[in-house]
């Protein structure tokens, strides 16, 4: 039996469609999953309470004298932890959008700009969404921290890529 010139049978259509679905999920899943997680977190009235950490510690330690002395520091740390969470969430979201845009046929710098724009728009939409959740409120400072996180993450990615390319001798 002669096998020269014969082509291998094509993979079954079902396997090809599963491979495409898996590739799509790998490409777009992180950005969509993080967006959904942020939406879910923003929908929780408990997370919107101010001084969440302070309230917890006050319940734990009560009216102890040492706690009243460190209370201003704890309040500042409570606010900072909220902003740090916003910064980290939206830094990861920007990187996830950049990952998702990897397969899209546009220039690299435009991919980063589009990832930043999608993240910034989501930050605004997230705060607007929070304005409708009982116990939550919208705050422009949260949007600013979100955008700062996205900017930092994408700038760090560009810096790392430039440095790696310069070491490899690429322009």
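Key figures
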item: Qualifying residues in the range 105-116 (those that are over 13 Å from the mean Cα position of the chain (by Cα) and closer than 17 Å to residue 93 by Cβ) - the one surrounded by the fewest Cβ atoms within 10 Å (Cβ to Cβ); result: 113
item: Checking residue 134 against (1) closer than 30 Å to residue 60 by Cβ; (2) assigned to a helix (DSSP H, G or I), the condition it does not meet; result: (2)
item: Failed item, numbered, when residue 166 is tested on (1) out of contact with any helix residue (DSSP H, G or I) (no Cβ under 8 Å at 6 or more places or on another chain); (2) modelled with pLDDT of 95 or more; result: (2)
item: Among residues of the range 103-126, those that are within 11 Å of residue 42 (Cβ to Cβ) and either assigned to a loop (DSSP other than H, G, I, E, B) or free of Cβ contacts under 8 Å to residues at least 40 places away in the same chain (or both), counted; result: 2
item: Of residues in the range 137-151 being touching a helix residue (DSSP H, G or I) at 6+ places or on another chain (Cβ under 6 Å) and in a helix (DSSP H, G or I), the one modelled with the lowest pLDDT; result: 142
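The values are calculated or read from the model by the stated rules, or taken from the named source; none is laboratory data. Remember, predicted model here, so these are calculated numbers, not experimental data. Note that we place each Cβ from the backbone using ideal geometry, even for glycine, and neighbour counts take in every protein chain shown.
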